[in-house]
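Student: One structure, pasted below without further comment.
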Amino acid sequence: MRNTGTLFANDLRRDRCKALVANVHRLGLTNVVVTNLDGKKLSKMLPRLDRVLLDAPCTGSGIIARDPSVKVKRGQKDFENHSRLQKELLAAAIDMVDAGSKTGGYVVYSTCSVSVEENEAVVDHALKTRNVELVSFTSSVSFGVEGLTKYRERRFHPSLNLTRRYYPHVHNMDGFFVAKLKKTSNKVPERAKKDRAKVDDKEWGEEHWTPAFMESVVDFEATSGQAAGTKKTAREKKRQHRQNLMDARGFQQKYPPRSESAGMANEAEEPLSKKSKLRDKREKRTQGQPNNELLDAANEQRPRRPVLPNTAKKAKKVVKKKSNGMVKRQKAEAKES
Ligand SMILES: C[S@@+](CC[C@H](N)C(=O)[O-])C[C@H]1O[C@@H](n2cnc3c(N)ncnc32)[C@H](O)[C@@H]1O
C-alpha cells in the first residue's frame, strides 16, 4: 500500500497487539490502526473495506515440523472448534468488504493448518452462505498444490481447486493453505445455497444388515468377567445358537412349535432325545459335588512317594521275597530245635 490509504490490523489478544504495534513502528508505517477486538464483531464497528486478509486462528497442524507438541496438544474437538470459529470469522470478514469496491472486493483466507476441516470445509461453507466466488492467484504465487474438491465422503465446490495447499515435505515450508475470494454482492443470502458436501451417512458394513441379520440375536461368547450366575453351559449355548439360526430363517412362523399348537403351558420346551436326557441326568448328579479341578490342584501340592523305576521295583520285590524265605526258614529251624 506504500503507506497510503488506511490499514486496520486487529487481534483478539492484547499481547499480540503489542507486538503488532512494535512491528508497525519498526517498519515506519503511518497508515495503520491497531484494534484489539473480536473479529466476529468487527464488521459492525468498521466502515466497509476494499479487501481483508484473514490469517485465521488454527490448530497449527501445518507447523508440526517446528512444533511437534501440536501432535499431542490437539484433539478432534480442537479441529471442530477451530473450524466453527473460522467459519464465523470468514463470514464476518466477507461482510466487512464492499462488493462494489473499484479496487477490490476481495478476501484472502489463510491458515497454517493442513486439515480439511479448517480449510476447504470453511471456504465451501462461505461459498454456500455468502455471495462470493473463488478466484485464482497463481499470477502472483505460482507454486502450491490445488485445494481438495473431495475428501473421503465429503464433496466440495469444484472451484475449490483454485485454492492452494503448501506442504512441508513438498515445498520446504510450514504447511499452509490460501484461498482468494471475490465478493459478488453485498446481499447476504437468506438461505444457504444447496448443500454439495453430501455426507454419506451410511454406516460401515450397512450392506450386511439384511432383515434376517437384524432379527437374529448375536450370541457373544461369555467373558471372564461374566457373573457366575449367568454363565451358560455348552449345551445352553448350542441351543441358543440353534434358536438364533431358526429365528433368522423364519422357522418359528413357518413351523410353530408343537407345544403351541397343542396348547401346552411350556411353549419353549423342545422334546429331549435319549442322549440329552442322559446328559441332563449326569449334570444333575454332579451338581453340588466338589470341583475336580480344585481337588487336582490340592493333590498336586501334597508330598508324594518317590516313583521308583521298574528295575528298582523288581529289586525291592526280590529282596522282600528273599527276606520272607529267610524268616520262614528261621521259624522252621526254631521248631525243629
Ligand atoms: C495465525 S495467528 C495470526 C498471526 C498474524 N498474522 C501474525 O503474523 O502475527 C491468528 C491470530 O488470531 C487471533 N485471534 C483468535 N481469535 C480471534 C478472534 N475471535 N478475533 C480476532 N483475532 C483472533 C489470535 O490471537 C492469533 O494471534
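The values are calculated or read from the model by the stated rules, or taken from the named source; none is laboratory data. If you're wondering where the values come from, they're calculated on a predicted model, not measured in any experiment. Cβ sites come from the backbone with ideal geometry, for glycine too, and all protein chains shown count toward neighbours. In case anyone asks, the SASA skips ligands and DNA or RNA and just uses the protein heavy atoms, side chains included. Shrake-Rupley method; radii C 1.70, N 1.55, O 1.52, S 1.80 Å.
Student: So residue 143 ticks every box in (1) open to solvent by less than 10 Å² (accessible area, probe 1.4 Å); (2) part of a loop (DSSP other than H, G, I, E, B); (3) hydrophobic (A, V, I, L, M, F, W, C) but one. Which box is left unticked?
Tutor: For residue 143, the failing item is (1).
Student: Would you be able to tell me the number of residues in the range 149-171 that are within 26 Å of the chain's Cα centre (by Cα), surrounded by fewer than 19 Cβ atoms within 10 Å (Cβ to Cβ) and in contact (Cβ under 8 Å) with a residue 12 or more places away in the chain?
Tutor: Residues that pass the stated criteria total 6.
Student: So, restricting to helices (runs of 4 or more DSSP H) that lie completely within the range 2-102, which ones have at least 1 residues that are within 12 Å of the ligand (Cβ to nearest atom) and of a type outside the set (A, V, I, L, M)? Quick ask: steps written out before the conclusion?
Tutor: Numbers: elements: 14-26, 70-73, 76-96.
Output list reads 14-26, 76-96.
Student: Being at pLDDT 95 or above, more than 15 Å from the ligand (Cβ to nearest atom) and open to solvent by less than 50 Å² (accessible area, probe 1.4 Å) is the requirement here; does residue 108 meet it?
Tutor: It is false that residue 108 is at pLDDT 95 or above, more than 15 Å from the ligand (Cβ to nearest atom) and open to solvent by less than 50 Å² (accessible area, probe 1.4 Å).
Student: Would you say residue 72 is at pLDDT below 95 and either assigned by TED's automatic domain parsing to the domain that holds residue 4 or surrounded by fewer than 17 Cβ atoms within 10 Å (Cβ to Cβ) (or both)? So that I can check it myself, show each step before the final result.
Tutor: Working: at pLDDT below 95: yes; either assigned by TED's automatic domain parsing to the domain that holds residue 4 or surrounded by fewer than 17 Cβ atoms within 10 Å (Cβ to Cβ) (or both): yes.
Yes, satisfied.
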